[in-house]
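Enquirer: Quick one: structure below, then a few questions.
The values are calculated or read from the model by the stated rules, or taken from the named source; none is laboratory data. Treat the numbers as computed from the prediction; the structure is a model and nothing was measured. Cβ sites come from the backbone with ideal geometry, for glycine too, and all protein chains shown count toward neighbours. These area figures cover heavy atoms from the full protein model, side chains too; ligands, DNA and RNA do not enter into them. Shrake-Rupley method; radii C 1.70, N 1.55, O 1.52, S 1.80 Å.
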Amino acid sequence: QVQLVESGGGLVQAGGSMRLSCAVSGRTLSYYAMAWFRQAPGKEREFVAAIKWTGSTYYADSVKGRFTISMDNAKNTVYLQMNSLKPEDTAVYYCAASTSRYTNRPPDYDYWGQGTPVTVSS
């Protein structure tokens, strides 16, 4: 059983920074890609950022230049550094792992965390 556990969410003022963590535990996961998604109230889940096992990354246009995804393989942890936060970044953030795809589509991800809420006040 693979578990993904997010942490680091909370309340921050607009313009501030926050770092989310996602710890992978359980049986060894040979992931192809890890990603962050988010879901705001009343909206569909949307892609934020992804990192491939090679280290390549890509981002949603809405966060490009402000967010950075990274992976520490020794710690089995993926991070999302969020800078210059805006009220529209408010959402529950989910970590996800794919064993075969490197995409921005939620159905391509096999494992999900429970989510961590981020609220950006104006």
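Enquirer: Which of the residues belonging to the range 67-97 are assigned to a loop (DSSP other than H, G, I, E, B), more than 14 Å from Cys22 (Cβ to Cβ) and not hydroxyl-bearing (Ser, Thr, Tyr)? Spell out how you get there, then give the answer.
Expert: Start the filter on the range 67-97 by keeping residues that are assigned to a loop (DSSP other than H, G, I, E, B), which leaves 73-76, 83-86, 90.
Now narrow it down to the ones that are more than 14 Å from Cys22 (Cβ to Cβ): 74, 83-86, 90.
Result: Ala74, Asn83, Leu85, Lys86.
Enquirer: How many residues does the range 1-27 hold that are in contact with a Lys or Arg (Cβ under 7 Å, 6 or more places away or on another chain) and touching a residue at least 40 places away in the same chain (Cβ under 8 Å)? Working first, answer last.
Expert: Going residue by residue through the range 1-27, those that are in contact with a Lys or Arg (Cβ under 7 Å, 6 or more places away or on another chain) are 1-2, 8, 14.
Now narrow it down to the ones that are touching a residue at least 40 places away in the same chain (Cβ under 8 Å): 2, 8, 14.
Result for the range 1-27: 3.
Enquirer: Next up: Counting only residues that are farther than 30 Å from Gly15 by Cα and either assigned to a strand (DSSP E or B) or of a type in the set (Lys, Arg) (or both), which one in the range 98-111 is most open to solvent (accessible area, probe 1.4 Å)?
Expert: Among those residues, the one meeting the criterion is Arg101.
Enquirer: Follow-up. Could you please give the count of residues in the range 64-97 that are surrounded by fewer than 21 Cβ atoms within 10 Å (Cβ to Cβ), within 17 Å of Leu4 (Cβ to Cβ), in contact (Cβ under 8 Å) with a residue 24 or more places away in the chain and not hydrophobic (A, V, I, L, M, F, W, C)?
Expert: Of the residues in the range 64-97, 4 are surrounded by fewer than 21 Cβ atoms within 10 Å (Cβ to Cβ), within 17 Å of Leu4 (Cβ to Cβ), in contact (Cβ under 8 Å) with a residue 24 or more places away in the chain and not hydrophobic (A, V, I, L, M, F, W, C).
Enquirer: Which of (1) of a type outside the set (A, V, I, L, M, F, W, C); (2) in contact (Cβ under 8 Å) with a residue 60 or more places away in the chain; (3) not in a loop (DSSP other than H, G, I, E, B) does Ser30 not meet, given it meets every other one?
Expert: Single failed check for Ser30: (3).
Enquirer: With the requirement that a residue be modelled with pLDDT of 95 or more, surrounded by fewer than 16 Cβ atoms within 10 Å (Cβ to Cβ) and in a loop (DSSP other than H, G, I, E, B), what does the range 112-122 give you?
Expert: Listed by number, the list holds a single entry, Gln114.
Enquirer: Name the single residue that is farthest from Thr119 (Cα to Cα) among those in the range 43-54 being of a type outside the set (Val, Ile, Thr) and at pLDDT 95 or above. Reasoning before the result, please.
Expert: Of all residues in the range 43-54, those of a type outside the set (Val, Ile, Thr) come to 43-47, 49-50, 52-53.
Narrowing the set further to residues that are at pLDDT 95 or above leaves 43-47, 49-50, 52.
Values: Lys43: 15, Glu44: 17, Arg45: 16, Glu46: 16, Phe47: 17, Ala49: 18, Ala50: 21, Lys52: 28 Å.
Of everything passing the filter in the range 43-54, Lys52 is farthest from Thr119 (Cα to Cα).
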